[in-house]
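Pasting in a structure now, in structure tokens, and then I'll have a few things to ask.
The values are calculated or read from the model by the stated rules, or taken from the named source; none is laboratory data. What you see is a predicted model; the values in this text were computed from it and never measured. Positions of Cβ are generated from backbone atoms using ideal geometry, with glycine treated the same way; all protein chains shown enter the neighbour counts.
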Amino acid sequence: MSNPIVTIKNLSVTYPNGHHALEDVSVNLKSGSICGLVGVNGAGKSTLFKAMMGFVKPTAGNVSIDGMSVRNALKKNLVSYVPQTEEVDWDFPVLVEDVVMMGRYGHMGFLRRPSKTDHDAVAQALERVNMSEYKKRQIGELSGGQRKRIFVARALAQGGNIILLDEPFTGVDIKTEDSLIDLFQSLVAEGRLILVATHNLGSVPSFCDEVILINKTLLAYGSVETTFTQDNLSKAFGGMLRHHQLIGADLHDDEDARGVTVLTDDERPLVLYGEEGGKKIVRTPKRKKADKT
Amino acid sequence: MIDTLLALITEPLAHEFMQRALLVSILIGTVCSIFSCFLVLKGWSLMGDAVSHAVLPGLALAFVIGIPLSIGAFIAGLFCALATGYIKDNSRVKEDAVMGIVFSGLFALGLVMLTKIETDVHLLHVLFGNILGISSQDVIEAGTIAILCSLIMLIKRRDFMLYCFDPAHASVIGLRVRFLHFGLLILLALTIVSSLKAAGIILVISMLIAPGATGFMLTKSFDRMLIIAMSVSIFSCITGTLMSFHLDVATAPLIVVIQAALFIMAVFVGRQTQGMKEVSYGT
């Protein structure tokens, strides 16, 4: 399997209506990892995605994927995109298998007539996300988690090594979230790169290896252990988060100076524990299979 | 009994103008119904409205310059669509507002021009069509455009469908999204131009929406929606044309009335089947 590396160099995007969406963002993404893209609404998460999807042209800088221009990488079907649930028209007259088959269009000829390879790829992808029995359903007849799964299946059928996920956990329950995370981790174990745009802070340490914090410019980028800190998060979110801190005497009857910090917007809270209100311990333990009974 | 039924069909077709009317109505009924599926799914109903109104100044200008009216109409219609997109991208005004200004502005300009210029363009014919007065030349011109557009849309229907459903994915798998976008706009303008003489710029809007909306109510798969839309449209065109002869009423409006009636019926049928689906889904 090739080793796709996304190189974003000094990327700036200004929309024709004058809105500066991104300024001077540079990151290098390695394959075989899940990278969280974290920032407030309007911080430029979706613009960064759009730049990687060839939807917006950089005003300065560039994006290269596996050493190629975005356009060439897209032609080779290297990049897959899983849209936000709200962006999809669920009344659209397509069946589950039709949607997954759309992942194969880039491999088909002029008339988009599916071959046996295409049908096999669709069947395998549906199998992988446990959705085979729903293939004849219209997409609006699915539950929240199932809706996510079919678009992940479409990405799998496409066969790209880079998967862009936009807010994958909105509207799904915790159990579904866990099973999606398991699925993502198994995909990454096969050498893919998954980039997840989210403002759901609590889930980031439990499944991401790396994290990008942005707010128009790049605020921090690195492994979750070193980058997902209270200081960096304050920079990224400013006053946008609910912030609860229980330090030393509030929490203990003894001399222990450690404290608890809870950061939350509206989703799963991020809990930090340690000295100085948890500034030094930044990682909640990565969930293991054994933890879930 | 059968003879009387047969006479209902053969009697009108004894006249050459009725033969032409039936042929052209089937041709434009087909192209409009295919496009209506994309229009309904893309949420472009207002775009259809806009482009058809905007052809008016193109007709007037084409008459002044002395080029075929269809070319003027096509250019004006496309100009409206492109101008709308350009203004939307480069300002903070929302698309529906921009469209409202651009198309009513162009339509008004067309009216002003027609009151000032002496033309053989009859405003009523432009607005509501003149299907019974259509010439063989018109049939050939409209038919060529209609058949060409129908073929393109049927052959590339999967690409256009994907573009309507999920343009981001279309872009990601390497399809040229701008090409598909402008392709659809050009096809829309051509479809309207082909229907101009027969249906007129007001009635074509209904022909561009009703069949697709009817298909949408009745099925969950795109190909079936396309088949239903085409069947409904062609059925309406045939019955509308023949009935208008017997009832001695205007042809194109009657076709549109039938299409609208079929849509209303589909709404009720669709609601019933949806209710049944919910019951079976719950158990």
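Residue by residue, here is whether (1) crowded, with 18+ Cβ neighbours inside 10 Å; (2) within 27 Å of A:V94 (Cβ to Cβ) holds:
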| site | (1), (2) |
| --- | --- |
| A:I150 | yes, yes |
| A:G160 | yes, yes |
| A:E167 | yes, yes |
| A:A189 | no, no |
| A:R192 | yes, yes |
| A:L201 | yes, no |
| A:D209 | no, no |
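Could you list all residues from segment A:89-111 that are among the hydrophobic types (A, V, I, L, M, F, W, C) and either touching a residue at least 24 places away in the same chain (Cβ under 8 Å) or not in a loop (DSSP other than H, G, I, E, B) (or both)?
The first filter runs over segment A:89-111 and keeps only residues among the hydrophobic types (A, V, I, L, M, F, W, C), leaving A:90, A:92, A:94-96, A:99-102, A:108, A:110-111.
Within segment A:89-111, A:W90, A:F92, A:V94, A:L95, A:V96, A:V99, A:V100, A:M101, A:M102 meet the criteria.
Look at B:M18 and say whether it is out of contact with any His (no Cβ under 9 Å at 6 or more places or on another chain), in contact (Cβ under 8 Å) with a residue 40 or more places away in the chain, farther than 26 Å from B:I101 by Cα and not β-branched (V, I, T). Walk me through how you get there before you give the answer.
Numbers: out of contact with any His (no Cβ under 9 Å at 6 or more places or on another chain): yes; in contact (Cβ under 8 Å) with a residue 40 or more places away in the chain: yes; farther than 26 Å from B:I101 by Cα: yes; not β-branched (V, I, T): yes.
So B:M18 fits the description; yes.
I'd like to know if segment A:98-108 contains one or more residues that are crowded, with 18+ Cβ neighbours inside 10 Å, in contact with a strand residue (DSSP E or B) (Cβ under 8 Å, 6 or more places away or on another chain), facing another protein chain (nearest Cβ under 9 Å) and of a type in the set (S, T, Y).
Checked segment A:98-108: no residue is crowded, with 18+ Cβ neighbours inside 10 Å, in contact with a strand residue (DSSP E or B) (Cβ under 8 Å, 6 or more places away or on another chain), facing another protein chain (nearest Cβ under 9 Å) and of a type in the set (S, T, Y).
Something else about it: Output the residues belonging to segment A:14-49 that are touching a Ser or Thr at 6+ places or on another chain (Cβ under 9 Å), within 13 Å of chain B (Cβ to nearest Cβ) and not in a loop (DSSP other than H, G, I, E, B).
A:T14
Let me ask something additional. Going through segment B:17-50 one residue at a time, which ones are aromatic (F, W, Y) and more than 14 Å from chain A (Cβ to nearest Cβ)?
Filtering segment B:17-50 down to residues aromatic (F, W, Y) leaves B:17, B:35, B:38, B:44.
Passing the criteria: B:F17, B:F35.
So which residues in segment B:87-124 are in a helix (DSSP H, G or I), of a type outside the set (A, V, I, L, M) and within 14 Å of another protein chain (Cβ to nearest Cβ)?
So the first thing to find is which residues in segment B:87-124 are in a helix (DSSP H, G or I), and the list is B:87-89, B:95-116, B:123-124.
The next check asks that each one be of a type outside the set (A, V, I, L, M); those that pass are B:88-89, B:95-96, B:100, B:103-105, B:107, B:110, B:115-116.
Answer for segment B:87-124, where residues must be in a helix (DSSP H, G or I), of a type outside the set (A, V, I, L, M) and within 14 Å of another protein chain (Cβ to nearest Cβ): B:K88, B:D89, B:E95.
Which is in contact (Cβ under 8 Å) with a residue 40 or more places away in the chain, farther than 30 Å from B:I258 by Cβ and surrounded by fewer than 23 Cβ atoms within 10 Å (Cβ to Cβ), of B:L69, B:L46, B:L109? Write out each step before concluding.
Working: B:L69 fails: farther than 30 Å from B:I258 by Cβ; B:L46 fails: farther than 30 Å from B:I258 by Cβ.
So the residue among B:L69, B:L46, B:L109 that is in contact (Cβ under 8 Å) with a residue 40 or more places away in the chain, farther than 30 Å from B:I258 by Cβ and surrounded by fewer than 23 Cβ atoms within 10 Å (Cβ to Cβ) is B:L109.
If a residue has to be buried (at least 20 other Cβ atoms within 10 Å of the Cβ) and within 25 Å of A:G160 (Cβ to Cβ) to count, how many in segment A:222-234 make the cut?
Going through segment A:222-234 one residue at a time, the tally reaches 1.
Is it the case that segment A:5-12 has a residue that's aliphatic (A, V, I, L, M) and surrounded by fewer than 19 Cβ atoms within 10 Å (Cβ to Cβ)? Give the steps one after another, and end with the answer.
Residues of segment A:5-12 aliphatic (A, V, I, L, M): A:5-6, A:8, A:11.
Next, only the ones that are surrounded by fewer than 19 Cβ atoms within 10 Å (Cβ to Cβ) stay: A:5.
Yes: one or more hits.
Could we say that A:L164 is outside any loop (DSSP other than H, G, I, E, B) and of a type outside the set (G, A, S) here? Talk me through it step by step, then tell me what you get.
Values: outside any loop (DSSP other than H, G, I, E, B): yes; of a type outside the set (G, A, S): yes.
The answer is yes for A:L164.
Also: So for segment B:144-156 (the condition being without any contact (Cβ under 8 Å) to a residue 24 or more places away in the chain, within 14 Å of chain A (Cβ to nearest Cβ) and part of a helix (DSSP H, G or I)), does at least one residue qualify?
yes
Anything in segment A:74-87 that is within 7 Å of chain B (Cβ to nearest Cβ) and either hydrophobic (A, V, I, L, M, F, W, C) or buried (at least 22 other Cβ atoms within 10 Å of the Cβ) (or both)? List them, or say none. Please lay out each step first, then the result.
Within segment A:74-87, the first condition is being within 7 Å of chain B (Cβ to nearest Cβ), and the residues that meet it are A:74-75, A:77, A:79-81, A:83.
A:L74, A:V79, A:S80, A:Y81, listed by residue number.
Residue check, A:G54 against (1) within 12 Å of another protein chain (Cβ to nearest Cβ); (2) modelled with pLDDT of 90 or more, all met but one. Which one?
Answer for A:G54: the failing condition is (2).
Among the listed residues A:R192, A:R137, A:R149, A:R154, identify the single one that is facing chain B (nearest Cβ under 9 Å), within 22 Å of the chain's Cα centre (by Cα) and at pLDDT 90 or above.
Working: A:R192 fails: facing chain B (nearest Cβ under 9 Å); A:R137 fails: within 22 Å of the chain's Cα centre (by Cα); A:R149 fails: facing chain B (nearest Cβ under 9 Å).
Going through A:R192, A:R137, A:R149, A:R154 in turn, the sole match is A:R154.
Sticking with this structure for a sec: Only one of B:D223, B:D138 is more than 10 Å from chain A (Cβ to nearest Cβ), surrounded by fewer than 22 Cβ atoms within 10 Å (Cβ to Cβ), over 20 Å from B:G48 (Cα atoms) and of a type outside the set (S, T, Y); which? Even if it seems obvious, please write down each step before you answer.
Numbers: B:D223 fails: more than 10 Å from chain A (Cβ to nearest Cβ).
So the residue among B:D223, B:D138 that is more than 10 Å from chain A (Cβ to nearest Cβ), surrounded by fewer than 22 Cβ atoms within 10 Å (Cβ to Cβ), over 20 Å from B:G48 (Cα atoms) and of a type outside the set (S, T, Y) is B:D138.
With in contact with a Cys (Cβ under 6 Å, 6 or more places away or on another chain), within 22 Å of B:A81 (Cβ to Cβ), in a helix (DSSP H, G or I) and away from every other protein chain (no Cβ under 14 Å) as the only criterion, which of B:L203, B:L187 stands out?
Numbers: B:L203 fails: in contact with a Cys (Cβ under 6 Å, 6 or more places away or on another chain).
Residue meeting the stated conditions: B:L187.
Now for a different question. Output yes when any residue across segment A:75-88 is among the hydrophobic types (A, V, I, L, M, F, W, C), under 20 Å from A:S33 (Cα atoms), touching a Lys or Arg at 6+ places or on another chain (Cβ under 7 Å) and assigned to a loop (DSSP other than H, G, I, E, B), and no when none is.
Residues of segment A:75-88 that are among the hydrophobic types (A, V, I, L, M, F, W, C), as a first pass: A:78-79, A:82, A:88.
From what is left, the residues that are under 20 Å from A:S33 (Cα atoms) are A:78-79, A:82.
Filter once more, so that each one left must be touching a Lys or Arg at 6+ places or on another chain (Cβ under 7 Å): none.
No - not one qualifying residue is present in segment A:75-88.
Next up: Taking the condition of being touching a residue at least 60 places away in the same chain (Cβ under 8 Å) and at the interface with another protein chain (Cβ under 7 Å from one of its Cβ atoms), how many residues in segment B:161-184 meet it?
Of the residues in segment B:161-184, 1 are touching a residue at least 60 places away in the same chain (Cβ under 8 Å) and at the interface with another protein chain (Cβ under 7 Å from one of its Cβ atoms).
Ok, one more. If the Cβ limit is 6 Å and pairs must be 6+ apart or interchain, which residue in segment A:61-82 that is within 13 Å of A:L193 (Cβ to Cβ) pairs with which residue that is polar (S, T, N, Q) and in a strand (DSSP E or B)?
none
Test of understanding: among B:L13, B:L56, B:L124, which residue is surrounded by fewer than 16 Cβ atoms within 10 Å (Cβ to Cβ), over 30 Å from B:M225 (Cα atoms) and in contact with a Gly (Cβ under 9 Å, 6 or more places away or on another chain)? Step through it out loud before you land on a result.
Details: B:L13 fails: in contact with a Gly (Cβ under 9 Å, 6 or more places away or on another chain); B:L56 fails: surrounded by fewer than 16 Cβ atoms within 10 Å (Cβ to Cβ).
Just a single option satisfies the conditions, and that option is B:L124.
Out of curiosity, is A:G61 more than 13 Å from every other protein chain (Cβ to nearest Cβ) and either over 19 Å from A:G159 (Cβ atoms) or surrounded by 22 or more Cβ atoms within 10 Å (Cβ to Cβ) (or both)? Show your work before the answer.
Details: more than 13 Å from every other protein chain (Cβ to nearest Cβ): yes; either over 19 Å from A:G159 (Cβ atoms) or surrounded by 22 or more Cβ atoms within 10 Å (Cβ to Cβ) (or both): yes.
So A:G61 fits the description; yes.
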